[in-house]
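Chemist: Below is the structure I would like to discuss, written out as structure tokens.
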């Protein structure tokens, strides 16, 4: 075989390999730079600039960086792994010109599993590292009804949960979730079982989407008026140190189609330091 014939065969072979690589998509994922796009994230649409890998539908897929702004006009950046237009995998979110960030494993656009973040507690920034559920710092060991939880010198347990469309003469926008608790004041001063440093002590979270619900004071008053239970404990009662109250009612106006099995109760200002109570 002469040298010209040999070179021709080598070139032909290389061309064939390159053609197969292109057909098989081995040339690497498609990439874009500073492309404007709207991502349909689990908590709402966000429009911004994306640089990184995309799929055939031109959605972020693989590694990339998305720059956008919140409703107040503050810029924030997610950089990490994407899947079909969503934050999925290892990543980090930072807010420009601040010390606020979160990073770890994302699922459905929010931190899920182990991660770390800078969070606000009582108006101060606090570093948290631990477990997240739907973007919220939360212990992984959930507890159920009639099991004790301890937080901020309170011991509390949920004794019953139900839903209803109204509370006295107050109609729900969706449906009222009625949560009844027993609580013990382990502190040294008289305190209210439903009041905290941030107006209310408890919140309910839908762990399927991260949606948060606060107590509805009109509904709680409506229940009290309808039942004419003016001498029974409620969330504004004064509880003496070392004493307990039973049957304290909290009402939350939740979405009509909410799956109760996805709901947990937590103190509002907790940061992964108390077990969530599953409400079903």
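The values are calculated or read from the model by the stated rules, or taken from the named source; none is laboratory data. Everything numeric in this text was worked out from a predicted model, so none of it was measured. So basically every Cβ, Gly included, is an ideal-geometry build from the backbone, and we count neighbours across all protein chains shown.
Chemist: Only residues that are buried (at least 18 other Cβ atoms within 10 Å of the Cβ) and touching a strand residue (DSSP E or B) at 6+ places or on another chain (Cβ under 7 Å): list them for region 162-187, please.
Modeler: If we filter region 162-187 for residues that are buried (at least 18 other Cβ atoms within 10 Å of the Cβ), which is where we start, we get 167, 170, 172, 175-179, 181-185.
Matches in region 162-187: 167, 172, 175, 176, 177, 178, 179, 181, 182, 183, 184, 185.
Chemist: From the set of residues in region 41-50 that are surrounded by fewer than 17 Cβ atoms within 10 Å (Cβ to Cβ) and part of a strand (DSSP E or B), which is modelled with the lowest pLDDT?
Modeler: Here the residue is 44.
Chemist: Still on this structure: Of the residues in region 201-227, how many are in a loop (DSSP other than H, G, I, E, B) and surrounded by fewer than 18 Cβ atoms within 10 Å (Cβ to Cβ)?
Modeler: 3
Chemist: Turning to a different aspect of this structure: Among the numbered conditions (1) assigned to a strand (DSSP E or B); (2) out of contact with any strand residue (DSSP E or B) (no Cβ under 7 Å at 6 or more places or on another chain); (3) under 24 Å from residue 258 (Cβ atoms), tell me where residue 150 comes up short.
Modeler: Residue 150 satisfies all of (1) assigned to a strand (DSSP E or B); (2) out of contact with any strand residue (DSSP E or B) (no Cβ under 7 Å at 6 or more places or on another chain); (3) under 24 Å from residue 258 (Cβ atoms) except (3).
Chemist: Sticking with this one: Which of the residues that make up region 91-118 are buried (at least 17 other Cβ atoms within 10 Å of the Cβ) and at pLDDT below 90?
Modeler: none
Chemist: Residues in region 252-280 that are surrounded by fewer than 13 Cβ atoms within 10 Å (Cβ to Cβ) and assigned to a loop (DSSP other than H, G, I, E, B): how many?
Modeler: Start the filter on region 252-280 by keeping residues that are surrounded by fewer than 13 Cβ atoms within 10 Å (Cβ to Cβ), which leaves 256-257, 259, 261, 280.
Still in the list and also assigned to a loop (DSSP other than H, G, I, E, B): 256-257, 259, 280.
Here the count works out to 4.
Chemist: Here's another thing I want to ask about it. Kindly indicate the residue of region 235-251 that is buried (at least 20 other Cβ atoms within 10 Å of the Cβ) and more than 18 Å from residue 151 (Cβ to Cβ) and also modelled with the highest pLDDT among those meeting that condition.
Modeler: 251
Chemist: Looking for whichever is farther than 24 Å from residue 82 by Cβ, touching a residue at least 24 places away in the same chain (Cβ under 8 Å), in the same structural domain as residue 232 (by TED's automatic domain parsing) and not in a strand (DSSP E or B) here; the options are 163, 188, 155. Which one fits?
Modeler: Details: 163 fails: not in a strand (DSSP E or B); 155 fails: not in a strand (DSSP E or B).
Unique residue meeting the criteria: 188.
Chemist: Take residue 125 and decide whether it is in the same structural domain as residue 274 (by TED's automatic domain parsing) and under 20 Å from the mean Cα position of the chain (by Cα). Full working, then the answer.
Modeler: Details: in the same structural domain as residue 274 (by TED's automatic domain parsing): no; under 20 Å from the mean Cα position of the chain (by Cα): yes.
The answer is no for residue 125.
Chemist: To continue, here is another question. Within region 31-40, is there a residue that is under 14 Å from residue 108 (Cα atoms) and either exposed (fewer than 15 other Cβ atoms within 10 Å of the Cβ) or modelled with pLDDT under 95 (or both)? Explain how you work it out, then say what you get.
Modeler: Here is the first cut: in region 31-40, the ones under 14 Å from residue 108 (Cα atoms) are 39-40.
Imposing the further condition that a residue be either exposed (fewer than 15 other Cβ atoms within 10 Å of the Cβ) or modelled with pLDDT under 95 (or both) reduces the set to 40.
Scanning region 31-40 turns up at least one residue that is under 14 Å from residue 108 (Cα atoms) and either exposed (fewer than 15 other Cβ atoms within 10 Å of the Cβ) or modelled with pLDDT under 95 (or both).
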